[in-house]
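The values are calculated or read from the model by the stated rules, or taken from the named source; none is laboratory data. Keep in mind that this is a model prediction, so the values were computed, not measured. FYI the Cβ positions are ideal-geometry reconstructions off the backbone, even for glycines, and counts take in every protein chain you see. Heads up: the accessible areas ignore ligands, DNA and RNA and are worked out on the full protein's heavy atoms, side chains in. Shrake-Rupley method; radii C 1.70, N 1.55, O 1.52, S 1.80 Å.
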There are 2 protein chains.
Amino acid sequence: MGLIVQKFGGTSVGDAEKIQNVATRVIEEKEKGNDVVVVVSAMGKSTDHLVDLAKGISIRPNRREMDMLLTTGEQITISLVAMALADRGYPAVSLTGWQAGIITEPVHGNARIIGMNTERIDSELKQGRIVVVAGFQGITEDGAISTLGRGGSDTTAVALAAALQADKCEIYTDVTGVFTTDPRYVKDARKLLAVSYDEMLELAHLGAGVLHPRAVEFAKNYQIQLEVRSSIEREAGTIIEEEVTMEQNLVVRGVAFEEDITRVTVIGLPNSLTGLSVIFSKLAESHINVDIIIHSILADQLTNLSFSIKNEDLEDTIKVLENSKEKLNYERIESESGLAKVSIVGSGMASNPGVAAEMFAVLASNDIEVKMVSTSEIKVSTVVEHAKMLHAVEVLHHAFKLSGTLVTP
Amino acid sequence: MGLIVQKFGGTSVGDAEKIQNVATRVIEEKEKGNDVVVVVSAMGKSTDHLVDLAKGISIRPNRREMDMLLTTGEQITISLVAMALADRGYPAVSLTGWQAGIITEPVHGNARIIGMNTERIDSELKQGRIVVVAGFQGITEDGAISTLGRGGSDTTAVALAAALQADKCEIYTDVTGVFTTDPRYVKDARKLLAVSYDEMLELAHLGAGVLHPRAVEFAKNYQIQLEVRSSIEREAGTIIEEEVTMEQNLVVRGVAFEEDITRVTVIGLPNSLTGLSVIFSKLAESHINVDIIIHSILADQLTNLSFSIKNEDLEDTIKVLENSKEKLNYERIESESGLAKVSIVGSGMASNPGVAAEMFAVLASNDIEVKMVSTSEIKVSTVVEHAKMLHAVEVLHHAFKLSGTLVTP
């Protein structure tokens, strides 16, 4: 007998039938003799509908009031899930963020959890009830309703699992787990039995939205075992934990990719202590996300600086750079759009220095030019032509032996 | 400089444009130098939509969870109204029932307010903010979200006005006030400048839903002056207070009416101590509302008992009576449908014994047969043929001098 936290996202609670399905999954766990805490998101597109309501009133809605508005979405879902459970004879109680004791910093729209008061949940569990908690929301210390921002319900589930010392935190979604690459594009993609927290963070782009990076970081900090699995299919999902014991033979765990990349190169930049910080702080001020940065400095020489951005940010980026031309004193700017990023991820590669070399060899032998490279302990990213992106993913997926049938343990 | 409580019902906050209109009315009051507390209901038909959601999950939804669900309706409205105010430069803060300190008994669906903790509202008002409170909801002493049942937002407004010692409680609605009779049917109907609490209770049927009887009782207990007025038109509404100083010359203040009445008569009922209680408790158990009851007992004789019900309850009523035939030992049942109730209301009639007689004379001289009569201190009700209902209302309205132009004070 243990304690399980189960999280169901917006598509898993999208209508009455799906809410009944959630009740079925929860009851199955309860019938195994476990205590169950359920975390749910707002139904389907209901948050979009609430945002539209606010936009009808104000172009820039007050943030405190926006939280007051948006948190009604999850409150509706918890009441319906608890009703469905009660209707089937399972005592259940729904709790909003403040009733569940989820304390956040005094910020609206993107608050961090700073404390958990689990007294109420403990007491409800002790009375044999299934506890249904509203995801994405909390309360500030002075009693204002706050929200956790994107991926908030995942974070609620992981934080509750940590505070309640749950045996497991299951994230139910519309895919069956984490894949070696995106199965919508690569037919050989297969589901991973397990990945580490760090790998999961790097693989975030595979099967978009499967699990929010913030929740993964939280799970890593508190060493909470996660399982990503389907709310419809019964098959085992993907376990996310610190040390992956299964699939140890795999040096590379997955191939991630991202399109719409532009490379910008600042040519003839004089060496200076402040040059880089000027460029990237100005870009950050304009809300331009920079991904890969390549720069190597030789003493007393002009250098080139390259970085990658999203295609759509090119115009703004050039504006920012031109506004600082006098200060930076560079020669000129070049840019190339229509690129894509292809990365291999796996914690095995830290102790396996040949992996990057093998990646470059595979790409070269397939006539795929590498335009930029960036590496971390567990990832090698390359920038290639967009037209060759999927081809690159397929040959890498094959070369690193990721294809094939899933062997369930 | 005073404190005004303004309440806006569901039709007054039905869409973005109407919410902007509410903001305008609130700002006008604030600009007069008053502190303003605004109480709002759920938008238009949104409560019906939430009820449908619950019905999709469970035939008999858990009552605690129903309250969790329904209270999101007002929470949405308060956030939008506060956004609209903030957007126009007026600092505002929305408060749910629990944030506003509205404590109720531990009941779901129809809880009574048992305490008000106004610290939070006081502090917000002191900081110059407009406070927007969710109507219809509160919190139990052990922290569960509760609702006040039908007319709940009116009750919230009056309770807040009492607790905050407000100078006035304004109830904004889609009519311009309380009328001498229903202006949709009687063209001579005119708006009353003032009525007493008791008269308002009896006139509840005039301009259906204008003000919930429970809120009127609350106002009477705490002597809160109410004003019922239009959220669109700028004209003065109707003042509701203990002693009506204006319009003292009127003995009768209004003519109320109600259609779809059926009279049921139990003929040949033996005298017994328990007969009446058996009949009416059985009817209550079957959720049949009985209005007028006429019964007079003569020693050692069989008597007849008459009472009025809604047309739609006739079948159930007859079933209940037939099931108890053996116990009650009556001869037979008769019933007449297609009737209507016409009442005159006015606190002046308590000290004016000829009013009922004058009513009967007016009806008789217009060939309107009176089928049942029931009287109270401030009301005389008659049951007449439905076909003659509006004629009866018109001749009484004229005879008691209710027609004519409104004289504003």
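GluC sites (Glu not before Pro) within the stretch A:292-374: which are DSSP loop residues with at most 15 other Cβ atoms inside 10 Å?
Working: sites: A:Glu312, A:Glu315, A:Glu322, A:Glu326, A:Glu331, A:Glu334, A:Glu336, A:Glu358, A:Glu369; in loops: A:Glu331, A:Glu369.
Filter output for the stretch A:292-374: A:Glu331, A:Glu369.
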(request) Scan around B:Val290 for amide H atoms under 5 Å from its own, H built in the peptide plane at 1.01 Å from N, and keep only partners 5 or more places away or cross-chain. (result) none
(request) Counting only heavy atoms of the protein chains, get the accessible area per residue of the protein assembly as shown (1.4 Å probe) and round it to a whole Å² value. (result) 44
(message) Given 25 °C and 0.890 mPa s, compute D for the stretch B:254-399 with the Stokes-Einstein relation, Rh being the Kirkwood radius over Cα pairs; round to the nearest whole µm²/s.
(response) 151
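Which percentage, to the nearest 5, of the DSSP beta bridges contained in the stretch B:1-126 is antiparallel?
Of all bridge pairs located within the stretch B:1-126, approximately 35 percent are antiparallel.
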(request) At a probe radius of 1.4 Å, figure out the A/B buried accessible area, summed over both chains, and give it in Å² to the nearest 100. (result) 3100
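Which value, in debye to the nearest 20, gives the size of the charge dipole of the stretch A:264-360 about its Cα centre, when Lys and Arg are +1 and Asp and Glu are -1 at the Cβ?
160
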(request) Evaluate the charge dipole of the protein assembly as shown about its Cα centre and quote only its size in Debye, nearest 20, assuming +1 on the Cβ of each Lys and Arg and -1 on the Cβ of each Asp and Glu. (result) 40
(request) Pull out a ≥ b ≥ c, the square roots of the eigenvalues of the alpha-carbon gyration tensor of chain B, then state rounded if a/c is under 1.5, prolate if not and a/b is larger than b/c, and oblate in the remaining case. (result) oblate
(request) Run through the DSSP bridge list for chain B and note the antiparallel percent, rounded to the nearest 5. (result) 60
(request) Return the single residue from B:Pro353, B:Pro106, B:Pro183 with maximal mean-square fluctuation; model: Gaussian network over chain B, springs between Cα atoms under 10 Å. (result) B:Pro353
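Only loop residues by DSSP count here, and only those with at most 11 other Cβ atoms within 10 Å; note down the trypsin sites (Lys or Arg not before Pro) in the stretch A:1-106 that meet that.
Answer in residue order: A:Lys32.
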(request) Enter the mean number of other protein chain beta carbons within 10 Å of the beta carbon of each residue in B:88-96, as an integer. (result) 3
(message) If you only keep lysine pairs separated by 8 or more in sequence, or across chains, how many in the stretch B:254-399 come under 13 Å at the Cα atoms?
(response) 8
(message) How tilted is helix A:314-323 with respect to the longest principal axis of chain A? Cα atoms for both, answer in degrees (0 to 90, nearest 10).
(response) 60
(request) Would you look at the GNM of chain B, springs on alpha carbons closer than 10 Å, and say which of B:Val39, B:Val107, B:Val158 moves the most? (result) B:Val107
(message) Need one number: nm distance between label points at B:Glu119 and B:Arg88, each 7 Å from Cα along Cα→Cβ, rounded to one decimal.
(response) 3.3
(request) Compute the long axis of helix B:16-31 from its Cα atoms, compare it with the longest principal axis of the Cα atoms of chain B, and write down the angle in degrees, 0 to 90, nearest 10. (result) 70
(message) About the Cα centre, and with charges only on the beta carbon of Lys, Arg (+1) and Asp, Glu (-1), how big is the dipole of chain A? Nearest 20 debye, please.
(response) 440
(message) Given the DSSP H assignment, sum -39500 (n - 2.57) over each helix run of at least 4 residues in the protein assembly as shown and divide by its residue total; what's the result at 222 nm in deg cm²/dmol, nearest 500?
(response) -10500 deg cm²/dmol
(message) Can you give me the angle between helix A:213-222 and the longest principal axis of chain A, using Cα atoms only, in degrees from 0 to 90, rounded to the nearest 10?
(response) 70
(request) Could you work out the relative contact order of chain B, using alpha carbon pairs under 8 angstrom and six or more residues apart, expressed as a whole percent? (result) 14
(request) Could you check how much of the accessible area of the stretch B:254-399 is carbon and sulfur, as a whole percent, using a 1.4 Å probe? (result) 48
(message) For a quick check of your reading of the filter: which trypsin sites (Lys or Arg not before Pro) in the stretch B:151-194 sit in a DSSP loop and have no more than 12 other Cβ atoms within 10 Å?
(response) B:Arg184, B:Lys187
(message) Straight-line reach from A:Lys30: which lysines fall under 28 Å, measuring Cα to Cα and dropping same-chain residues less than 8 apart?
(response) A:Lys7, A:Lys18, A:Lys126, A:Lys168, A:Lys191, A:Lys220, B:Lys55
(message) With just the Cα atoms defining each centre, how far is the stretch A:267-336 from the stretch B:141-164? Give it in Å.
(response) 60
(message) Amide H of A:Ser376 versus every other amide H placed in the peptide plane: which residues, excluding those fewer than 5 positions away on the same chain, fall under 5 Å?
(response) A:Ser381
(message) Of all beta bridges DSSP finds with both residues in the protein assembly as shown, what is the antiparallel percent, to the nearest 5?
(response) 60
